[in-house]
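The values are calculated or read from the model by the stated rules, or taken from the named source; none is laboratory data. As the structure is a prediction and not an experimental result, all values here were calculated from the model. Every residue, glycine as well, gets a Cβ built from its backbone with ideal geometry; the counts of neighbours run over all protein chains shown. The accessibility values were calculated without ligands, DNA or RNA, using every heavy atom of the protein model including side chains. Shrake-Rupley method; radii C 1.70, N 1.55, O 1.52, S 1.80 Å.
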Amino acid sequence: MDLRRIGDYDVLILVSLIWFLGKFVRYLFPPLFGPLQSTYGVSNATIGAAFSGFMVAYALMQFPSGAVADRIGPVRVIVAGASVAGIGALALVVDSPFAALIAAMVVIGVGTGVHKTVAVRLLARVYPTRTGRMLGVHDTLGALSGIAAPAAVVLFLSPPAALALALDRLPGADWRALFLLTGLAAVSLAVVFALRIPGRLPDDANADGGDAAEPGALDYLRLFRNPRFSAFVLVTIGFSFAHNGLVAFLPLYLARGVGLPMTTANLLYSLVFAVTFVQLVTGDLSDRVGRFPVMVATLGLAAAALAALVTLPGLGVGAVVAAVVVALFGLGSHGFQPVRSAYLMEVLPDWLAGGGLGVVRTLLMGAGALAPAVIGTVADVAGFRPAFALLAGSMGAAALVAGGLWATA
């Protein structure tokens, strides 16, 4: 395709900025678990279940968004998702009961949930020979929100004088201003995307299904007749459960399990995302050497780091060692993600690509959505170390299955 037709990478930049905001609003919640628990008087299990509600809504949108994009084109779906997420964020600006918080989280989950499945296929169509690299850029920018979100929480919970004066003019707690800014930015990006992108795409990138036969549910289910495809889905499920469980509870684990100050724990949480630039390397490397060698290496590193996290409370280590382990997990978990998406776009038939990717992402995000509730419940019953040991086992299983797929390729 002639990339000159999309100018200075308009599609990549705007799609990635929308993904950044979608991830930003998701990653605002875990650093706010402590303040939310204090405000509403809820347990680890309750706040974990609320976040699971967000993630379930996100997961349930994966297949519908891909299937709808196959029919009406990705631009409309991406614009609608960003708009809904922005409206959900704006609903959190004023003080409200816990039920209203949960409802707004679900709305945000629906809005952000339509983006990734559609964006992956759009980028694969626009950049067919450099899919791994472009997905690496997209996922890297999205993951940078994991640095920005906890830093923003720290800033808004302990604001300097000038910011504190501005926050005093807003209704509700100071942290609600974060959702005001996020909501306005999301709606603005939706408008820019709708106006700018349709005329900048290659001819077939925003095409709908046209006269082609519309796939049915059985067509998507037949994908799982392939044992290797099913095994790879298990890899993605194991990874997603471990990754989302850690992302939801890492700040509390570092504070209550390892014994670090909460401010330090939130800053170390951002390290998971500070190393996101590894995706630029792994995405490009997988284009050159193959998908499975990179996937096995990254999953193995993430599993080893999780196992090390489980041992930290018994070793009495300080923040420096904890920071190294957290960064290693970030390298492994982020390094895996663009390679996973690129591999799926290779193995899925083009006529099933949108909905097929949606099916896989529904399963993996469904597992990830359950993780906060499961880990919160285990933490309440048995403590954080057994909960994180469960995450380490899930990631280790994913690495072993990926290794088996590589060995039998």
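Which of the residues spanning region 201-239 are closer than 21 Å to Ser16 by Cβ and at pLDDT 65 or above?
Hit for region 201-239 is Leu201, nothing else.
Leu246 - would you say it is of a type outside the set (D, E, K, R), open to solvent by 70 Å² or more (accessible area, probe 1.4 Å) and either in contact with a Phe, Trp or Tyr (Cβ under 8 Å, 6 or more places away or on another chain) or at pLDDT below 80 (or both)?
Numbers: of a type outside the set (D, E, K, R): yes; open to solvent by 70 Å² or more (accessible area, probe 1.4 Å): no; either in contact with a Phe, Trp or Tyr (Cβ under 8 Å, 6 or more places away or on another chain) or at pLDDT below 80 (or both): yes.
The answer is no for Leu246.
Among the helices (runs of 4 or more DSSP H) lying completely within region 249-359, list those that include at least 3 residues that are buried (at least 23 other Cβ atoms within 10 Å of the Cβ), touching a residue at least 24 places away in the same chain (Cβ under 8 Å) and polar (S, T, N, Q). Give the derivation first.
On the way: elements: 262-269, 271-274, 278-289, 291-315, 319-347.
Answer list for region 249-359: 278-289, 319-347.
I'm trying to understand the selection: among the residues of region 69-105, which are within 18 Å of Leu184 (Cα to Cα), among the β-branched types (Val, Ile, Thr), surrounded by fewer than 24 Cβ atoms within 10 Å (Cβ to Cβ) and modelled with pLDDT of 90 or more?
Val79, Val84, Ile87 - these are the residues of region 69-105 that are within 18 Å of Leu184 (Cα to Cα), among the β-branched types (Val, Ile, Thr), surrounded by fewer than 24 Cβ atoms within 10 Å (Cβ to Cβ) and modelled with pLDDT of 90 or more.
Restricting to region 46-56, name every residue that is hydrophobic (A, V, I, L, M, F, W, C) and either open to solvent by 10 Å² or more (accessible area, probe 1.4 Å) or more than 14 Å from the chain's Cα centre (by Cα) (or both). Break it down into steps so the answer makes sense when it comes.
Step one: list which residues in region 46-56 are hydrophobic (A, V, I, L, M, F, W, C), which gives 47, 49-51, 54-56.
Listed by number, the residues that qualify are Ile47, Ala49, Ala50, Val56.
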